[in-house]
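Data block below; observations after.
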Amino acid sequence: MKHIFQQGSNPSKPTFLVLHGTGGNEHDLLPIASHIDPEASVLSVRGNVSENGMPRFFKRLSEGVFDMEDLKARTEELNQFIATAAEEHGFDRSNVIAIGYSNGANIAANLLFTYSDALKGAILHHPMVPNRETQLPDLSGIQVFIAAGTNDPICPAEESTDLEELLQNAGATVKLHWENYGHQLTMPEVEAAKAWYDQL
């Protein structure tokens, strides 16, 4: 998978798995990762799916309707890629925190829905519930921050509250943060994510 790896200055810090939104790329969220923790390593990945020339992490059938077979396959692919990248770049596979926005947040959420050990934690900006038909693994000890917009036309409020409930029921510790905006990624929610991360 096309990616950027930036070695952090503090090896005890997590490696951020950075996952862009639809039409973005591996450069988009680098400033956010460095703002949240300038000492952390960063593995920023470009989605392998193209939708009308726009990179994504998995296919969809229409707005808000995921191609579940492709989601499953791409989640497995991403999980394997993290393991390969950890060997190649020498970071701790067990100390990875995802930072995802929109489509990137959705596949990060599905990593949590699929594997108990894929991520140590996640910062999810405007995610949806990736799969309502699956049994979640034991996520005890996993820390998750969700940023949601009260006026988000793409990601209705119940998607955020349902995701919070599903993750909590699987044992994760979840912080749900609301902004009175739409689907855009805003600085106030990034600041809230940083404040959450600083308390870990």
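The values are calculated or read from the model by the stated rules, or taken from the named source; none is laboratory data. No experiment lies behind these values; they were computed from the predicted model shown. Here Cβ is always computed from backbone atoms with ideal geometry, including for glycine, and neighbour counts include all displayed protein chains. All accessible areas refer to the heavy atoms of the entire protein, side chains included, with ligands and DNA or RNA removed. Shrake-Rupley method; radii C 1.70, N 1.55, O 1.52, S 1.80 Å.
Considering segment 144-199 alone, what residues qualify as being aromatic (Phe, Trp, Tyr) and either modelled with pLDDT of 95 or more or under 15 Å from the mean Cα position of the chain (by Cα) (or both)?
Initial filter on segment 144-199 (aromatic (Phe, Trp, Tyr)): 145, 178, 181, 196-197.
Residues satisfying the conditions are PHE145, TRP178, TRP196, TYR197.
Based on this model, can you work out whether ASN103 counts as touching a residue at least 60 places away in the same chain (Cβ under 8 Å), in contact with a strand residue (DSSP E or B) (Cβ under 6 Å, 6 or more places away or on another chain) and more than 25 Å from ASP198 (Cβ to Cβ)? Explain how you work it out, then say what you get.
Values: touching a residue at least 60 places away in the same chain (Cβ under 8 Å): yes; in contact with a strand residue (DSSP E or B) (Cβ under 6 Å, 6 or more places away or on another chain): yes; more than 25 Å from ASP198 (Cβ to Cβ): yes.
Yes; evaluated as a whole, the condition is true for this residue.
If you go through segment 51-75 and keep only what is open to solvent by 50 Å² or more (accessible area, probe 1.4 Å), in contact (Cβ under 8 Å) with a residue 24 or more places away in the chain and among the acidic types (Asp, Glu), you end up with just GLU63. Evaluate segment 172-195: report whether one residue or more is among the polar types (S, T, N, Q) and more than 24 Å from ILE32 (Cβ to Cβ). No, segment 172-195 contains no residue that is among the polar types (S, T, N, Q) and more than 24 Å from ILE32 (Cβ to Cβ). Check segment 42-50 and report whether any residue there is out of contact with any Cys (no Cβ under 7 Å at 6 or more places or on another chain), open to solvent by 60 Å² or more (accessible area, probe 1.4 Å) and either in a strand (DSSP E or B) or more than 30 Å from SER9 (Cα to Cα) (or both). Among the residues of segment 42-50, at least one is out of contact with any Cys (no Cβ under 7 Å at 6 or more places or on another chain), open to solvent by 60 Å² or more (accessible area, probe 1.4 Å) and either in a strand (DSSP E or B) or more than 30 Å from SER9 (Cα to Cα) (or both), which makes the answer yes. Residue pairs whose Cβ atoms lie under 9 Å apart, separated by 6 or more positions or on different chains, with the first residue in segment 10-35 and under 21 Å from GLU191 (Cα atoms) and of a type in the set (Val, Ile, Thr) and the second part of a loop (DSSP other than H, G, I, E, B) and open to solvent by 40 Å² or more (accessible area, probe 1.4 Å), are THR15/ASP92; THR15/ARG93; VAL18/ASP28; ILE32/LEU185. Of all residues in segment 100-109, none satisfies being modelled with pLDDT of 95 or more, over 19 Å from ARG46 (Cβ atoms) and not basic (Lys, Arg).
State whether one or more residues within segment 65-77 are in a loop (DSSP other than H, G, I, E, B), touching a helix residue (DSSP H, G or I) at 6+ places or on another chain (Cβ under 6 Å) and either modelled with pLDDT of 95 or more or under 17 Å from ILE154 (Cα atoms) (or both).
no
Only one of the numbered conditions (1) modelled with pLDDT of 95 or more; (2) closer than 30 Å to PRO153 by Cβ is not met by ARG93, and that is (2).
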